[in-house]
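Here is the structure we will look at.
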Amino acid sequence: MELALIGLQNAGKTSFVNVVSGGEFVEDMIPTVGFNMRKVTKNKVSIKMWDMGGQERFRNMWERYCRGVTAVVYVLDAADKENFPLAKTELHALMQKPAVAGVPLLVLGNKSDLKDAADARTVIDAMELRRLSGREVCCYCISCKSQHNVDVCLEWLSKHAK
């Protein structure tokens, strides 16, 4: 399985990669510059994860790393509601690219352990996920810190990745 992890800066993409690959959570992460790639085997499934930088200057590279992946994982800081409109705009712009046509999409509302975090229904509505057609789309609220729902996400990816 090959995954592209994308989303705005500070959403928790690298934290998700770290939790999936080794169970470690680090509170203060250094922003990803460009991208990182990590391979891991989970439940007898080999997973190659492209962890993309979320800063504006790197977003034009997202499409390039989404070509040929088995699924796109869009990570959203569920407690940063102020950035939902920008996150939605970036997601929808990417999903319209021919390179990602039909590729399954998993949206993760990360940081669900925080008091002000949006629930899954709010994330689905705010990100207008029902407008994305022609692909499998799913949304889970997770916490990389507590590892809440991380296994459920991996299970979904195993079942729905092309």
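Details
- In the stretch 55-72, the residues that are closer than 14 Å to Gly102 by Cα reach residues that are loosely packed, with under 14 Cβ neighbours inside 10 Å and at pLDDT below 85 with C-beta atoms within less than 7 angstrom, at least six apart or across chains, in these pairs: Thr70/Lys162.
- Each residue in the stretch 123-136 was checked for being surrounded by 16 or more Cβ atoms within 10 Å (Cβ to Cβ) and in a helix (DSSP H, G or I), and 4 pass.
- Enumerated strands (runs of 3 or more DSSP E) restricted to the stretch 1-108, each holding at least 1 residues that are modelled with pLDDT under 90: 35-42, 45-52
- Within the stretch 137-162, the set of residues being in a loop (DSSP other than H, G, I, E, B) and more than 18 Å from Val69 (Cβ to Cβ) comprises Ile142, Cys144, Lys145, Ser146, Gln147, Asn149.
- A single entry from Ala99, Ala118 fulfils the requirement of being crowded, with 19+ Cβ neighbours inside 10 Å and over 14 Å from the mean Cα position of the chain (by Cα): Ala118.
- For the condition of a type outside the set (Val, Ile, Thr), touching a helix residue (DSSP H, G or I) at 6+ places or on another chain (Cβ under 6 Å) and in contact (Cβ under 8 Å) with a residue 12 or more places away in the chain, Ala87 does not qualify.
The values are calculated or read from the model by the stated rules, or taken from the named source; none is laboratory data. This one's a predicted model, so the numbers in the text were calculated from it and none came from an experiment. FYI the Cβ positions are ideal-geometry reconstructions off the backbone, even for glycines, and counts take in every protein chain you see.
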